[in-house]
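Take a look at the structure below.
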Amino acid sequence: MDDKDAVRLVSSEVLSDDWGKLTKHEYDLRRRSGEWQRQTREAYDRGNGVACLLFNPETGCVLLTRQFRLPAFLNGGQLSLIEVPAGLLDGAEAAERMRSELIEETGYQIDKLGHLFDVYMSPGSVTEYLAFFEGVYSDSHRKSEGGGDYDEGEDIEVLHVPLADALDMIESGEIRDAKTIILLQRKAIERMREQGLSL
């Protein structure tokens with residue numbers, strides 16, 4: 001159902017507008033049967049973002065980060081998450097923002113990035129989509145220590161993990177972040193195809 005005429009917005013009420021905006025919407029939705037149904041949902045808007053997997057073909061490692069995430073801590077006591085570098089667009093062009101985030105979080109300056117796709121990560125409640133990128137890195141790309149923006153409360157550890165180990169970390173539950181799992185599994189599929197293996 002792609003017809004925009006199938007949704008009639010009735011009312012919107014902002015419930016919170018701090019780090020992001022939480023809005024309660026009432027709307028009429030035309031069902032596949034043609035019947036109209038009134039629904040109420042809340043949507044959280046924090047803007048769109050970017051995420052990137054960097055791969056080192058010489059070492060077979062991927063560049064990951066580890067940092068504290070409050071929501072994950074609140075829902076299960078996870079002290080930190082292992083993730084690909086990522087960030088919010090904040091009005092910037094996606095590739096430009098991704099390059100800035102890579103420098104800030106990891107200390108690696110990567111000029112050439114390939115855009116893969118855009119993905120809604122939690123479309124039932126969050127408006128955000130992420131632009132996914134990939135790139136290649138080596139020691140020569142390292143320009144600083146990284147670690148994130150102190151003033152934003154970031155304290156980011158940079159990890160170099162063999163791709164095979166990273167895939168095992170998904171199975172063991174050490175990696176539980178959706179964007180990271182998507183990019184790691186995509187890289188694994190790409191490597192299989194390069195070796196002439198079928199899925």
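Points worth noting:
- Among the GluC sites (Glu not before Pro) found in segment 22-122, those both in a DSSP coil and sparsely packed, with 14 or fewer other Cβ atoms within 10 Å of their Cβ, are Glu35, Glu58, Glu93.
- Residues considered: Gln109, Gln78, Gln185. Largest GNM mean-square fluctuation over the chain, using C-alpha springs under 10 Å, is found at Gln78.
- The chymotrypsin sites (Phe, Trp or Tyr not before Pro) of segment 5-109 that DSSP puts in a loop, and whose beta carbon has at most 12 other beta carbons within 10 Å, are Trp19.
- R0 of 22 Å, Cβ-Cβ distance Glu194-Ala92: FRET efficiency to nearest 0.05: 0.10
- Sites Ala43 and Gln67, calculated FRET efficiency, Cβ-Cβ separation with R0 30 Å, nearest 0.05: 0.70
- Nearest-0.05 FRET efficiency for Ser33 and Phe117, computed from C-beta distance (R0 41 Å): 0.80
- Spatial separation of Cα centroids for segment 90-116 and segment 133-199, in angstrom: 15 Å
- Here the 3J(HN,Hα) profile of segment 32-49, calculated from phi with Karplus coefficients 6.51, -1.76 and 1.60 at θ = phi - 60°, is 4, 6, x, 6, 8, 9, 7, 9, 10, 9, 9, 10, 9, 10, 10, x, 8, x Hz, Gly and Pro shown as x.
- A convex hull fitted to the Cα coordinates of segment 112-163 yields 153 cubic angstrom per residue.
- The calculated Kirkwood hydrodynamic radius for segment 4-45 is 11.1 Å, given to one decimal from all distinct C-alpha pairs.
- Taking every DSSP helix (H) stretch of at least 4 residues in the chain, weighting each as -39,500 (n - 2.57) and dividing the sum by the residue count yields a mean residue ellipticity at 222 nm of -7000 deg cm²/dmol.
- Cα coordinate range in the chain, projected on the principal axes (Å, largest first): 58, 46, 34
Throughout, read-outs are computed from the coordinates displayed, never taken from laboratory work. Just so we're clear, the structure is a prediction, and the values are computed from it rather than from any experiment. Neighbour counts are summed over all protein chains in view; Cβ atoms, including those assigned to glycine, are modelled from backbone coordinates with ideal geometry.
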